[in-house]
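Visitor: Here it is: the structure, laid out below.
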Amino acid sequence: NTSSVQNMNSVFYNCSNLNNISSFILDCSACTDFVSAFYRCFRIPSITISDTNLIPSFEESFFNCSNLTTLTLDCNSCTSLKSAFNQCFGIETINLLNTGSIETMERAFSSCEELNSPITITSTVLNNLNRAFDSCEKKQQ
């Protein structure tokens, strides 16, 4: 139960062999720091994050989660998705909810080669899309 955890900064950082879990479902209702939480967790296929009202940034939270295929993320008070999904090579579906506060998406989806779902951002304060979808084309074999 993660409902009372305030700091999840780098909680699973570089847990590249974390593979006994078919999917993560996290309640982040007390969390205020989620930066780099799943950084380089290569083997996790699915993550659902809910109740993120206090989290201002998902910077590098899922960086290089190369086997991640599906992610649902409530961005309720989030202002930064900087490099959040960078190098998630296998990700196909990203469901972003409540995106009205996002200011930066710099390199957010860089190298997401399998991404084939629409990304809807409703923010009126978005000001940085620098390389947001850089290298998203599927590599030729």
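Visitor: Does Glu60 satisfy the condition of being open to solvent by 50 Å² or more (accessible area, probe 1.4 Å) and closer than 22 Å to Asn14 by Cβ?
Guide: It is true that Glu60 is open to solvent by 50 Å² or more (accessible area, probe 1.4 Å) and closer than 22 Å to Asn14 by Cβ.
Visitor: Ok, one more. Right, Asp51: open to solvent by 50 Å² or more (accessible area, probe 1.4 Å), closer than 23 Å to Ser3 by Cα and not aromatic (Phe, Trp, Tyr) or not?
Guide: Against the criterion (open to solvent by 50 Å² or more (accessible area, probe 1.4 Å), closer than 23 Å to Ser3 by Cα and not aromatic (Phe, Trp, Tyr)), Asp51 qualifies.
Visitor: Residue under question is Ser123, and the condition is that it be farther than 22 Å from Ser3 by Cα, small (Gly, Ala, Ser), touching an Asp or Glu at 6+ places or on another chain (Cβ under 9 Å) and surrounded by fewer than 21 Cβ atoms within 10 Å (Cβ to Cβ); does it hold?
Guide: Yes.
Visitor: Does Ile102 satisfy the condition of being within 25 Å of Glu137 (Cβ to Cβ), more than 11 Å from the chain's Cα centre (by Cα) and not basic (Lys, Arg)?
Guide: The answer is yes for Ile102.
Visitor: Pick from Thr70, Thr52, Thr2: which is touching a Pro at 6+ places or on another chain (Cβ under 9 Å) and among the hydroxyl-bearing types (Ser, Thr, Tyr)?
Guide: Only one candidate qualifies: Thr70.
Visitor: So which residues in region 92-115 are open to solvent by 20 Å² or more (accessible area, probe 1.4 Å) and touching a Gly at 6+ places or on another chain (Cβ under 9 Å)?
Guide: Within region 92-115, Glu113, Glu114 qualify.
Visitor: Which residues, taken from region 68-91, are surrounded by fewer than 24 Cβ atoms within 10 Å (Cβ to Cβ) and in contact with a Gly (Cβ under 9 Å, 6 or more places away or on another chain)?
Guide: If the condition is that a residue be surrounded by fewer than 24 Cβ atoms within 10 Å (Cβ to Cβ) and in contact with a Gly (Cβ under 9 Å, 6 or more places away or on another chain), then Thr69, Cys75, Asn76 are the ones that fit.
The values are calculated or read from the model by the stated rules, or taken from the named source; none is laboratory data. Given the structure is predicted, the values throughout are model-derived calculations rather than measurements. Here Cβ is always computed from backbone atoms with ideal geometry, including for glycine, and neighbour counts include all displayed protein chains. These area figures cover heavy atoms from the full protein model, side chains too; ligands, DNA and RNA do not enter into them. Shrake-Rupley method; radii C 1.70, N 1.55, O 1.52, S 1.80 Å.
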